[in-house]
Each structure stands twice: as structure tokens, then as C-alpha cells.
1. Determine the shape class of the range 6-65: with a ≥ b ≥ c the square roots of the Cα gyration tensor eigenvalues, call it rounded for a/c under 1.5, and otherwise prolate if a/b is greater than b/c, oblate otherwise.
2. Give me the percent of the accessible area of the chain that comes from carbon and sulfur atoms, probe 1.4 Å, all protein chains in place.
3. Got a sec? What order do His136, His69 fall in by accessible area at 1.4 Å, biggest, i.e. largest, first?
4. Of the chymotrypsin sites (Phe, Trp or Tyr not before Pro) in the range 19-87, which ones lie in a loop per DSSP and count no more than 13 other C-beta atoms within 10 Å?
5. Quick one: net charge around Phe118, please, counting Lys, Arg +1 and Asp, Glu -1 for every other residue with C-beta under 14 Å from its C-beta.
6. Averaged per residue, what accessible surface does the chain expose to a 1.4 Å probe, in Å²?
7. For Gln164 and Arg215 in one chain, what is 0.36 nm times their gap in residues minus the Cα-Cα distance, to one decimal in nm?
8. Tell me, what is the 1.4 Å probe accessible area of Arg45, in Å² to the nearest 10?
Amino acid sequence: MEKRELLYSGKAKSVFTTDNPDLMVLEFRNDTSAFDGKKMEQLDRKGLVNNKFNAFIMTKLSEAGIPTHFEKLLSDTDALVKRLDMIELECVVRNVAAGSLVRRLGVEEGIDLNPPTFELFLKNDALGDPMVNEYHARSFGWADDATLDKMKELTFKVNTVLKQLFLDGDMLLVDYKLEFGIFNGEVVLGDEFSPDGCRLWDKNTREKLDKDRFRQGLGGVVEAYEEVGRRIGVEF
Ligand code: UDP
């Protein structure tokens with residue numbers, strides 16, 4: 001499948017049309033951003049690592065019965081995906097307190113959250129992706145009841161599958177962000193799943209193995225992503 005026109009260029013990925021109106025090509029670039037695009041850098045090999053990582057995870061999720069946009073890998077940095085009508089909300093599940101939750105509520109990083117929490121954020125960099133609730137989503141028409149229920153159900157199902165997958169590699173899935181879209185009337189997982197959009201800690205040392213290494217200037221960002229991948233069986 002050939003790339004045709006550039007449809008959209010995001011902070012880390014570019015999206016291209018193909019000859020098939022139902023399919024697009026996602027190109028994973030080396031660009032890495034944090035703080036709503038205020039910190040930007042190119043990290044060698046990151047596009048390749050995230051593309052292969054995402055393909056591996058999407059395949060696992062699909063095998064577990066979760067509908068995803070992923071069709072197949074096209075090259076080191078490109079993947080063929082379904083063209084979804086994206087819902088402009090981010091779904092976040094947290095198993096352990098970290099990041100904005102810690103800042104917002106003044107709780108200690110590392111507290112186990114049992115049961116895990118579910119949060120919604122509006123995708124809007126200019127506003128700093130503000131947290132919203134289901135009433136906002138319904139009132140502003142971002143998602144209806146049935147869609148919200150489905151997004152929540154799928155987001156928790158992802159938790160069951162991935163918590164165990166990472167635990168088998170001696171890692172804690174601290175939190176993660178998912179984005180969904182609609183394809184033929186069905187709610188389908190889109191965007192990507194990679195260490196750019198989740199937090200993963202070594203289970204024993206609690207060393208951070210995700211994008212917090214970039215946010216906090218800890219270095220070894222792509223090396224950590226590859227380490228995570230190797231531990232769960234991704235071949236780069
Ligand atoms: N996240 C993301 N994109 C965003 C905001 C958050 O992928 O625009 C991910 C982030 O990597 C983490 C989870 O969602 O795994 C929860 O993020 P949090 O709300 O703690 O915000 P942050 O501390 O990243 O600002």
C-alpha cells in the first residue's frame with residue numbers, strides 16, 4: 001500500500017492517505033515532545049522502536065478481542081491502519097499514582113490505586129488537555145452514552161491484558177492513555193500504544209522506563225523503550 005497525500009502531521013506521527021479510503025499509513029517519526037509540545041527533540045531510532053512496539057501491543061490486544069485500527073507493518077517506521085473518525089478525548093487508567101494525578105491531588109507518587117482510576121481529558125494542546133468528565137462529553141457532543149461506556153469498557157479490558165503482559169516482564173504498568181475512534185459505527189482503539197503514552201516502572205527497582213525519562217531529562221530514553229520491548233518479546 002503506497003502513501004499518497006500527507007493528511008496530518010502530529011507531534012510524533014504523520015498520517016498519509018492511501019488508495020483505499022478506509023486505510024491510512026501512520027509514520028512514526030523520531031520527534032519526541034512533552035509538556036504539550038513545549039519540549040521537543042529528535043531521538044535516534046525512536047520512530048522504529050515505537051512502530052514495532054505499537055504493532056506488537058495492538059496485535060496482543062486484538063487477539064484478546066479488543067478492536068484496533070492496526071492492519072499491518074509496512075516498514076521500520078510505517079504501519080497500515082484503519083481510517084477512524086477520532087473521538088477528541090483521551091482515556092487514562094491509573095494503577096499507581098504518578099504524573100498529573102500527584103500534582104493535582106498532592107498525593108505521594110507510587111501509591112497503589114485499587115481499584116484503578118479512569119479519567120477523561122479533552123485533546124486540546126492550547127488548553128493543556130484539560131480534564132473533563134462524562135457530563136461534559138455528553139453536553140458538548142464529544143461522545144454519547146453508549147460510546148463512553150464502550151470506551152471505558154475497552155480501556156479497562158486493555159488494563160487486564162497489558163498489566164499482566166508487563167508484569168511477566170517484571171514491570172508495573174503505572175498508567176496509560178488511549179484514544180478511540182469510530183469505524184463502521186464501532187468504537188475502535190486508535191492512535192498508538194508505546195512508552196510515549198504510558199508509564200512503566202521496573203517492578204523491583206521502580207526505575208522509570210517510559211517517556212518520564214524524556215520529561216525529566218534522565219537520558220537513555222530509546223534504550224529504555226527497547227529494554228521494555230525486549231522484556232515482553234518485541235523484535236526490533
Ligand atoms: N499521556 C499522554 N498524552 C497526553 C497526556 C498524558 O500520552 O497528552 C499519558 C502519560 O504518558 C501517562 C498518562 O497518560 O502515561 C497519564 O498522564 P498524566 O495525566 O499523569 O499527565 P502528565 O504527567 O503526563 O502530564
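The values are calculated or read from the model by the stated rules, or taken from the named source; none is laboratory data. Note that the structure is a prediction, hence the values are computed from the model and not measured. Here the Cβ is made from the backbone with ideal geometry for all residues, glycine too, and neighbour counts use every protein chain on show. The protein model used for the area step is the full one, side chains on, heavy atoms only, and it has no ligands, DNA or RNA in it. Shrake-Rupley method; radii C 1.70, N 1.55, O 1.52, S 1.80 Å.
1. Details: a/c = 2.15, a/b = 1.28, b/c = 1.68.
Verdict is oblate for the range 6-65.
2. Values: 5340 of 11280 Å².
Ligands and nucleic acids excluded, carbon and sulfur reach 47 percent.
3. Working: His136 75, His69 5 Å².
Correct descending sequence by accessible area is His136, His69.
4. Values: sites: Phe28, Phe35, Phe53, Phe56, Phe70; in loops: Phe35.
Here the sparse-neighbourhood loop sites are Phe35.
5. Values: positive: Arg94, Lys150, Lys152, Lys157, Lys177; negative: Glu90, Glu119, Glu134, Asp149, Glu153, Asp175.
So the surrounding residues net to -1.
6. Numbers: 11280 Å² over 236 residues.
Using a 1.4 Å probe on heavy atoms only, each residue of the chain averages 48 Å².
7. Values: separation 51, 0.36 × 51 = 18.36 nm, distance 2.60 nm.
So the chain would gain 15.8 nm between Gln164 and Arg215.
8. Accessible area of Arg45: about 100 Å².
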